[in-house]
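Enquirer: Input: one structure, supplied below.
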Protein chains: 2
Amino acid sequence: MNKISVLLILISLFTIACKQTTSEIETKNNSVVIDPLPSWVEGDTKTAIIKFVNDITNDGGSKYIHPNERIATFDNDGTLWCEQPVAQLEFVSYQINKMANSNPGWKDQQPYKSILEGDKNYLINDYINNHGKELMKLISITHSGITLERFNSDVEEFINSSMHPKYNKKYTETVYQPMIELIQYLQNNDFKTYICSGGGNDFMRVFAEETYDIVPENVIGTFAMNSFEQIDGSWQIVKGNNIFFMNDGLTKPAAIEQRIGRVPIFVAGNVRSGGDIGQLTYSNTNKLPNFQLLVNHDDDIREFAYSEKDSASLKAAVIGKWQVVSMKDDWLTIFPFEK
Amino acid sequence: MNKISVLLILISLFTIACKQTTSEIETKNNSVVIDPLPSWVEGDTKTAIIKFVNDITNDGGSKYIHPNERIATFDNDGTLWCEQPVAQLEFVSYQINKMANSNPGWKDQQPYKSILEGDKNYLINDYINNHGKELMKLISITHSGITLERFNSDVEEFINSSMHPKYNKKYTETVYQPMIELIQYLQNNDFKTYICSGGGNDFMRVFAEETYDIVPENVIGTFAMNSFEQIDGSWQIVKGNNIFFMNDGLTKPAAIEQRIGRVPIFVAGNVRSGGDIGQLTYSNTNKLPNFQLLVNHDDDIREFAYSEKDSASLKAAVIGKWQVVSMKDDWLTIFPFEK
């Protein structure tokens, strides 16, 4: 990080400190009300979120929604935490490097060789020309054929020992503070908050409860059906790779239907690959009042700035009347460690 | 129903009325305590259930379990409602008969012919000799290729217009009153109550909330992944038959893992096919205190009496120390309509 970045961060931290003093507490009917979203800039996006929640929790009002129907789904990568790099792919690389010790042949054998040599082009070409079949091999070997207990401890080890290259913080620290507040705010208003992400069902569960206060049954991800087997006399869940379901794009509504059986009234996703257009659109089909949030990564100083090739998500946001979040303009704080 | 049956039912109703007067209210520390399980006979089973719930909710006690971990799963057919006949197979038959009007060729074509003629042997032979492939054809044609909205209204129509052959009541009325009380009792003690059954995910959701107070996201059943498609300009969930997963026997733990991601502390199943041995055994593997209930159908007067070919469930109950429920001896009331 250069000196100008440090200066800009310090200025923004100072601004936040000043703003928080005025925004944390406001009075309403002579009672003290704590601002539920202190890391959000006072503006259209924050106002729209709070108005929606007030409307649908106002018992007797025309927009009231029963708590049973208050389903909210959040994408994970790029919506709740950084997706540069994608942590689960870093986990694959971490595991392959570890497993290479007992597989000496891998140093001359693809796709392992590319990982061991840090050559990213091999998998990029595979993704473009071969539907990512080589990546699937790597995911399969690191995510199946072992007990769930063992897999969970592999993920824990990775999470506890790997650092984000830009921030030198654990991946579970590179989460977005405004979104943590939003999850809490919705939970306090009797929403059932879910993750619905391309990340692995079992992978995300290892940290979701501690990091986001999202319980395992509310984590919806890419999955393969596991099996229940007796190993050395004790019954175990064994990670499988059959009945594989990739949770991304237009398949997200199918996963939400399988897991929840109700259309969400609130969905948050982000701009990058169009991977959340499906669940955001699905929420639009709800006959009850509904709200969509699309996070735009436009802050190259505090986080990353990137866009989508065909701008499909931003175009869909106009049609669906989704609220677009500018990380630069709507968020006072991005990460908890900034505070 | 013959006169003796009617007499026996009247006697048992009288007995219940007398017992309820004494069992509904008891005093504890001078405060009035309502009996949470009035349709259960005072005895070992009821005592064991109440002791378990008291133990794990006793904050500070050695067996205390945090509410997040209080997961309970219930089989449906034969555990929460009658499985003689299996309602979902009656639904298949109901639909085939309806669809036959626009498929005149079916009257000469198997497997449709067997359904239209009420010939049960054809599907029994298919099940024994052909892995039930003909039945799967019938399930596929009645459960896929239509919108979820349409499927839900098909199921509603069936539920509202079909009667149980023995009781002349709707299938949703042939539910077990003691189990309804048990679900309520667990919910009141901050359990998250789930169905985990061989019935269809989408099929059971149509009636589970109203009938059992079990919300759609807590219904775990046999499933195929559906799809999200644009039909005549509007986005719809369409019932699929890909990525098919049969939720029965040893696959139930896998479904619980996919859906919940925690091992249940409480599981209830029933004797018939061994279909619940998997989830009951899975619960036994929990490191936290856990409880298993196995319903035995031994009441040929008030319900049905039937056993399992190899008694596998009852044998497993001895090994796993599961509490076996005798419908005859443990339940004062079987159906809500008896009250």
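Enquirer: For the stretch A:244-254, which positions are within 9 Å of another protein chain (Cβ to nearest Cβ) and of a type outside the set (Val, Ile, Thr)?
Expert: A:Phe244, A:Phe245, A:Leu250, A:Lys252, A:Pro253, A:Ala254
So that you can scan it fast, the table gives a plain yes or no per residue for (1) touching a residue at least 12 places away in the same chain (Cβ under 8 Å); (2) within 30 Å of A:Ile34 (Cα to Cα); (3) among the hydrophobic types (A, V, I, L, M, F, W, C):
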| residue | (1), (2), (3) |
| --- | --- |
| A:Leu186 | yes, yes, yes |
| A:Glu209 | no, yes, no |
| A:Ile214 | yes, yes, yes |
| A:Phe223 | yes, no, yes |
| A:Asp232 | no, no, no |
| A:Gln236 | yes, no, no |
| A:Asn242 | yes, no, no |
| A:Met246 | yes, no, yes |
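Matching residues to (1) crowded, with 21+ Cβ neighbours inside 10 Å; (2) touching a Lys or Arg at 6+ places or on another chain (Cβ under 9 Å); (3) at pLDDT 95 or above:
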{"residue": "A:Ser283", "(1), (2), (3)": "yes, no, yes"}
{"residue": "A:Asn286", "(1), (2), (3)": "no, yes, yes"}
{"residue": "A:Ser326", "(1), (2), (3)": "no, no, yes"}
{"residue": "A:Phe337", "(1), (2), (3)": "no, yes, yes"}
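Enquirer: Follow-up question, since we're still on this one. Considering B:Ser197, B:Ser153, B:Ser161, which residue is among the small types (Gly, Ala, Ser) and more than 16 Å from A:Gly261 (Cβ to Cβ)?
Expert: Result: B:Ser161 is the single residue among B:Ser197, B:Ser153, B:Ser161 that is among the small types (Gly, Ala, Ser) and more than 16 Å from A:Gly261 (Cβ to Cβ).
Enquirer: How many residues are part of a loop (DSSP other than H, G, I, E, B) and either touching a His at 6+ places or on another chain (Cβ under 7 Å) or surrounded by 22 or more Cβ atoms within 10 Å (Cβ to Cβ) (or both) if we restrict to the stretch B:207-248?
Expert: Here is the first cut: in the stretch B:207-248, the residues part of a loop (DSSP other than H, G, I, E, B) are B:213-215, B:232-233, B:246-248.
When the remaining residues are screened for being either touching a His at 6+ places or on another chain (Cβ under 7 Å) or surrounded by 22 or more Cβ atoms within 10 Å (Cβ to Cβ) (or both), the result is B:214, B:247.
Residues that pass the stated criteria total 2.
Enquirer: Is at least one residue of the stretch B:255-265 over 18 Å from B:Gln88 (Cβ atoms), at pLDDT 95 or above and more than 10 Å from chain A (Cβ to nearest Cβ)?
Expert: yes
Enquirer: Give the residues of the stretch A:280-305 that are in a loop (DSSP other than H, G, I, E, B), touching a helix residue (DSSP H, G or I) at 6+ places or on another chain (Cβ under 8 Å) and either hydrophobic (A, V, I, L, M, F, W, C) or touching a residue at least 60 places away in the same chain (Cβ under 8 Å) (or both), sorted by residue number. Break it down into steps so the answer makes sense when it comes.
Expert: Here is the first cut: in the stretch A:280-305, the ones in a loop (DSSP other than H, G, I, E, B) are A:285-290, A:297, A:299-304.
Still in the running and touching a helix residue (DSSP H, G or I) at 6+ places or on another chain (Cβ under 8 Å): A:288-290, A:297, A:299, A:301-303.
Those that are in a loop (DSSP other than H, G, I, E, B), touching a helix residue (DSSP H, G or I) at 6+ places or on another chain (Cβ under 8 Å) and either hydrophobic (A, V, I, L, M, F, W, C) or touching a residue at least 60 places away in the same chain (Cβ under 8 Å) (or both): A:Leu288, A:Pro289, A:His297, A:Ile301, A:Arg302, A:Glu303.
Enquirer: Here's another thing I want to ask about it. I'd like to check something: does the stretch B:154-164 contain any residue that is in contact with a helix residue (DSSP H, G or I) (Cβ under 7 Å, 6 or more places away or on another chain), closer than 21 Å to B:Pro85 by Cα and of a type in the set (Ser, Thr, Tyr)?
Expert: yes
Enquirer: Here's a follow-up. Report yes if B:Gly275 is touching a Gly at 6+ places or on another chain (Cβ under 6 Å) and either assigned to a strand (DSSP E or B) or away from every other protein chain (no Cβ under 11 Å) (or both), otherwise no.
Expert: For B:Gly275, the condition - touching a Gly at 6+ places or on another chain (Cβ under 6 Å) and either assigned to a strand (DSSP E or B) or away from every other protein chain (no Cβ under 11 Å) (or both) - is met.
Enquirer: Being exposed (fewer than 15 other Cβ atoms within 10 Å of the Cβ) and touching a helix residue (DSSP H, G or I) at 6+ places or on another chain (Cβ under 9 Å) narrows it down to one residue among A:Tyr127, A:Tyr122; which is it?
Expert: A:Tyr127
Enquirer: Let me ask something else about it. B:Asn160 - would you say it is away from every other protein chain (no Cβ under 13 Å) and at positive phi?
Expert: On the way: away from every other protein chain (no Cβ under 13 Å): yes; at positive phi: no.
When the stated conditions are applied, B:Asn160 does not pass them.
Enquirer: Which residue out of B:Asn54, B:Asn76, B:Asn58 is under 30 Å from A:Lys192 (Cβ atoms), at pLDDT 95 or above and buried (at least 17 other Cβ atoms within 10 Å of the Cβ)?
Expert: Unique residue meeting the criteria: B:Asn76.
Enquirer: Would a scan of the stretch A:140-155 turn up a residue that is among the acidic types (Asp, Glu), under 27 Å from A:Ile237 (Cβ atoms) and not assigned by TED's automatic domain parsing to the domain that holds A:Asn226?
Expert: Taking the stretch A:140-155 as the starting set, the residues that turn out to be among the acidic types (Asp, Glu) are A:149, A:154.
Narrowing further to those that are under 27 Å from A:Ile237 (Cβ atoms): A:149, A:154.
When the remaining residues are screened for being not assigned by TED's automatic domain parsing to the domain that holds A:Asn226, the result is A:149, A:154.
Yes, the stretch A:140-155 contains a residue that is among the acidic types (Asp, Glu), under 27 Å from A:Ile237 (Cβ atoms) and not assigned by TED's automatic domain parsing to the domain that holds A:Asn226.
Enquirer: Here is a follow-up. Go through the stretch A:107-163 and give me each residue that's touching a residue at least 24 places away in the same chain (Cβ under 8 Å) and β-branched (Val, Ile, Thr).
Expert: Once the filter is applied, which keeps residues that are touching a residue at least 24 places away in the same chain (Cβ under 8 Å) and β-branched (Val, Ile, Thr), the stretch A:107-163 yields A:Ile139, A:Ile141, A:Thr142, A:Ile146, A:Thr147, A:Val155, A:Ile159.
Enquirer: Looking only at the stretch A:130-167, how many residues end up being of a type in the set (D, E, K, R) and surrounded by 14 or more Cβ atoms within 10 Å (Cβ to Cβ)?
Expert: Residues that pass the stated criteria total 4.
Enquirer: Let me ask something else about it. Take the residues of the stretch B:168-180 that are under 18 Å from the mean Cα position of the chain (by Cα) and in a loop (DSSP other than H, G, I, E, B): which is surrounded by the fewest Cβ atoms within 10 Å (Cβ to Cβ)?
Expert: The initial filter retains those residues of the stretch B:168-180 that are under 18 Å from the mean Cα position of the chain (by Cα), namely B:169-180.
Subsequent filtering for residues that are in a loop (DSSP other than H, G, I, E, B) retains B:169, B:174, B:176.
Working: B:Lys169: 15, B:Thr174: 21, B:Tyr176: 24.
Here the answer is B:Lys169.
Enquirer: Another one. Taking helices (runs of 4 or more DSSP H) that fall entirely within the stretch A:91-147, which contain at least 2 residues that are under 17 Å from A:Phe244 (Cα atoms) and either at pLDDT 95 or above or among the acidic types (Asp, Glu) (or both)?
Expert: Helices (runs of 4 or more DSSP H) meeting the threshold: A:133-143.
Enquirer: Looking for something at pLDDT 95 or above, of a type in the set (Gly, Ala, Ser) and crowded, with 18+ Cβ neighbours inside 10 Å - is there at least one such residue anywhere in the stretch A:288-310?
Expert: Among the residues of the stretch A:288-310, not one is at pLDDT 95 or above, of a type in the set (Gly, Ala, Ser) and crowded, with 18+ Cβ neighbours inside 10 Å, which makes the answer no.
Enquirer: Tell me, which residue of the stretch A:211-243 that is of a type in the set (Phe, Trp, Tyr) and facing chain B (nearest Cβ under 8 Å) is farthest from A:Glu69 (Cα to Cα)? If you could, list the steps in order and put the result at the bottom.
Expert: Within the stretch A:211-243, the subset of a type in the set (Phe, Trp, Tyr) is A:212, A:223, A:228, A:235.
Then keep just the ones that are facing chain B (nearest Cβ under 8 Å); that gives A:223, A:228, A:235.
Numbers: A:Phe223: 25, A:Phe228: 33, A:Trp235: 37 Å.
Among those residues, the one meeting the criterion is A:Trp235.
Enquirer: Ok, one more. Given the criteria touching a Phe, Trp or Tyr at 6+ places or on another chain (Cβ under 8 Å) and either more than 30 Å from B:Pro336 (Cα to Cα) or in a loop (DSSP other than H, G, I, E, B) (or both), does B:Ile183 qualify? Please lay out each step first, then the result.
Expert: Working: touching a Phe, Trp or Tyr at 6+ places or on another chain (Cβ under 8 Å): yes; either more than 30 Å from B:Pro336 (Cα to Cα) or in a loop (DSSP other than H, G, I, E, B) (or both): no.
Against the criterion (touching a Phe, Trp or Tyr at 6+ places or on another chain (Cβ under 8 Å) and either more than 30 Å from B:Pro336 (Cα to Cα) or in a loop (DSSP other than H, G, I, E, B) (or both)), B:Ile183 does not qualify.
The values are calculated or read from the model by the stated rules, or taken from the named source; none is laboratory data. Bear in mind the structure is a predicted one, so any value in this text is a computation, not a measurement. Every residue, glycine among them, receives a Cβ derived from its backbone with ideal geometry; neighbour counts consider all protein chains shown.
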